[in-house]
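Peer 1: Input: one structure, supplied below.
The values are calculated or read from the model by the stated rules, or taken from the named source; none is laboratory data. Computed from a prediction, not measured in an experiment: that's the story for all the values here. All Cβ positions, glycine included, derive from the backbone under ideal geometry; neighbour counts span all protein chains shown. The accessibility values were calculated without ligands, DNA or RNA, using every heavy atom of the protein model including side chains. Shrake-Rupley method; radii C 1.70, N 1.55, O 1.52, S 1.80 Å.
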Amino acid sequence: MLHKLTGYLPTFFLAIALSLAVWILAITAEDPAEVRAYPYPISIEIIGQDPSFILTNSPAKQLTINLRAPKSVWTNLLTDRASVRAVVDLSELSSGPHIVPVQVQIAQRPVEVVGFSPSSVDVTLEPLLNKTFTIKLETTGDPAVGYMSEPPEINRGTVNVSGSETLVKRVHVVRAIIDLEQARENIQRTVLLQAVDINDLPVSGITLNPDRVVVEQKITQRGGYRNVVVKVNTNGNIASGYRLTNITAYPPSVTVFSADPKLVDNLPGYVETAPINLAGLYDDEDMRVSLSLPSGVSIVGDQTVNVQIGISTIESSITLNYTNVEIVGVGLGLTTKVSPETVDVILSGPIPLLDTLKPGDVRVYVDMSDDEPGTYQRAPQVEISIPEIRVQSILPGTIEVTLTGKITGQNK
């Protein structure tokens, strides 16, 4: 009996193999395998890195891959992007350069990896170094003349520098620089720290903690110096019909000096310009003017200031009553009747120009060119020979013009 059963085993296994083959063919025919390039970029993850080492180069960050999988599995692969990963394991690696294989991990089944690139990455590990440096505070530029700077203050004295051993050992000093150029008042500023090497070149690729500090710099005025405002001294009156719009001095303040500090301290806080005569002025002026200073006191720098004087006309308005309305452009053979025959014209503009206005400078008319006989309501037009004078209104704003007769020609 045992011998008979043993004789059937090959047939039994063959039947199983044939059944399995038929099943695989059926499944394949229903859900065929497809070879495709995975369409989404795959980030290469770094794992297992010893925290006492730092990666000093930039290995490849993305991987492309071709996969073979049934059509139904491809649907899952494209939906669940997290199912395809690429990792580089740095466990057990020591300091120095290494070529590390990329490991592809796929959560979906069944999937066959046909090929991927890159298959390995170059990495360089260096020991991580932390070092504390005293911050060196440096200043550039000089305060304005008559001012001096006191020793600056910083909100902390040290900084932690971390990075690869090679780069951290390059750092010679960490400094904060504050610019005092033309400073006249106290400075409080947040300043970025700079790490430089022995040749005063910046060292990049390291981390500074903190990366900035707050610097306070006191600026005080020297004895015998004082900052005072400029007061413009004027006399006389500008031309009639004009008004003064502004008087400004630049610079608005100056620094004065005296070998006797008491003379400077006794100043009222301002110095006056030499008198400026405004008599008869009717337009803007721009001039250099000296300053009136007590004996023993002098100006630091330019001895004059620039004074700008703004002048504009005073505007008003006048009414021209009973101004005749002229009818123009009436065809030959037509007669006109105007109601009313006169209008009141209100004009505005600079008073000096309004005072010179003559009757012949204003013309009021209605143009009836190409109009047939009939009655029309028209708005009069005004011509003024002086461009600066404007029409404010016409009373009435509309007049009635009646044309009668028969056109025999056209006036030009």
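Peer 1: So, restricting to strands (runs of 3 or more DSSP E) that lie completely within the range 97-140, which ones have at least 2 residues that are in contact (Cβ under 8 Å) with a residue 60 or more places away in the chain and touching a Pro at 6+ places or on another chain (Cβ under 6 Å)?
Peer 2: Correct list: 120-140.
Peer 1: Of these, G241, G205, G224, G236, which one is loosely packed, with under 14 Cβ neighbours inside 10 Å, touching a helix residue (DSSP H, G or I) at 6+ places or on another chain (Cβ under 7 Å) and either over 16 Å from G301 (Cα atoms) or modelled with pLDDT under 90 (or both)?
Peer 2: G205
Peer 1: Hey, another quick one. Looking at P59, P39, can you tell me which residue is part of a loop (DSSP other than H, G, I, E, B), open to solvent by 60 Å² or more (accessible area, probe 1.4 Å) and either modelled with pLDDT of 60 or more or acidic (D, E) (or both)? Don't jump to the end; show me each part of the working.
Peer 2: Values: P59 fails: open to solvent by 60 Å² or more (accessible area, probe 1.4 Å).
Residue meeting the stated conditions: P39.
Peer 1: Sort out which residues of the range 286-299 are within 37 Å of the chain's Cα centre (by Cα) and either closer than 15 Å to N227 by Cα or not aliphatic (A, V, I, L, M) (or both), and write them in order of number.
Peer 2: D286, R288
Peer 1: Residues in the range 282-304: is at least one surrounded by 12 or more Cβ atoms within 10 Å (Cβ to Cβ), part of a strand (DSSP E or B) and in contact with a Pro (Cβ under 7 Å, 6 or more places away or on another chain)?
Peer 2: no
Peer 1: Under 6 Å between Cβ atoms, which residue pairs at least 6 apart in sequence (or on different chains) link something in the range 282-311 that is free of Cβ contacts under 8 Å to residues at least 12 places away in the same chain and among the acidic types (D, E) with a partner that is assigned to a strand (DSSP E or B) and open to solvent by 50 Å² or more (accessible area, probe 1.4 Å)?
Peer 2: Once the first residue is free of Cβ contacts under 8 Å to residues at least 12 places away in the same chain and among the acidic types (D, E) and sits in the range 282-311, no partner that is assigned to a strand (DSSP E or B) and open to solvent by 50 Å² or more (accessible area, probe 1.4 Å) comes close enough.
Peer 1: For the range 62-85, what are the residues that are open to solvent by 40 Å² or more (accessible area, probe 1.4 Å), part of a strand (DSSP E or B) and over 30 Å from E165 (Cβ atoms)?
Peer 2: Passing the criteria: T64, N66, R68, R85.
Peer 1: Something else: Is one or more of the residues making up the range 155-165 under 30 Å from I219 (Cβ atoms), open to solvent by less than 50 Å² (accessible area, probe 1.4 Å) and either outside any strand (DSSP E or B) or in contact with a strand residue (DSSP E or B) (Cβ under 8 Å, 6 or more places away or on another chain) (or both)? Don't jump to the end; show me each part of the working.
Peer 2: Let us first name the residues in the range 155-165 that are under 30 Å from I219 (Cβ atoms), namely 155-159.
Next, from what is left, pick out any that are open to solvent by less than 50 Å² (accessible area, probe 1.4 Å): 157, 159.
If we keep only those that are either outside any strand (DSSP E or B) or in contact with a strand residue (DSSP E or B) (Cβ under 8 Å, 6 or more places away or on another chain) (or both) too, we end up with 157, 159.
Among the residues of the range 155-165, at least one is under 30 Å from I219 (Cβ atoms), open to solvent by less than 50 Å² (accessible area, probe 1.4 Å) and either outside any strand (DSSP E or B) or in contact with a strand residue (DSSP E or B) (Cβ under 8 Å, 6 or more places away or on another chain) (or both), which makes the answer yes.
Peer 1: In the range 86-96, how many residues are surrounded by 12 or more Cβ atoms within 10 Å (Cβ to Cβ) and assigned to a strand (DSSP E or B)?
Peer 2: Just the residues of the range 86-96 that are surrounded by 12 or more Cβ atoms within 10 Å (Cβ to Cβ), to begin with: 86-90, 93, 95.
Imposing the further condition that a residue be assigned to a strand (DSSP E or B) reduces the set to 86-89.
Count: 4.
Peer 1: With the requirement that a residue be hydrophobic (A, V, I, L, M, F, W, C) and open to solvent by less than 50 Å² (accessible area, probe 1.4 Å), what does the range 42-54 give you? Walk me through it before giving the result.
Peer 2: Our first condition is that a residue be hydrophobic (A, V, I, L, M, F, W, C); within the range 42-54, this holds for 42, 44, 46-47, 53-54.
Answer for the range 42-54, where residues must be hydrophobic (A, V, I, L, M, F, W, C) and open to solvent by less than 50 Å² (accessible area, probe 1.4 Å): I42, I44, F53, I54.
Peer 1: Restricting attention to the range 102-114, does a residue exist that is out of contact with any Gly (no Cβ under 8 Å at 6 or more places or on another chain), open to solvent by 50 Å² or more (accessible area, probe 1.4 Å), at pLDDT below 90 and basic (K, R)?
Peer 2: yes
Peer 1: While we're looking at this one, here's another question. Name every residue in the range 317-347 that is of a type outside the set (V, I, T) and in contact with an Asp or Glu (Cβ under 6 Å, 6 or more places away or on another chain), in order of residue number.
Peer 2: Restricting attention to the range 317-347, the residues satisfying the condition of being of a type outside the set (V, I, T) are 317, 320-322, 324, 326, 329, 331-334, 337, 339-341, 344, 347.
Selection gives N321, G329, S339.
Peer 1: Turning to a different aspect of this structure: Could we say that E372 is open to solvent by 60 Å² or more (accessible area, probe 1.4 Å), in contact (Cβ under 8 Å) with a residue 24 or more places away in the chain, in a loop (DSSP other than H, G, I, E, B) and closer than 30 Å to S240 by Cα here?
Peer 2: no
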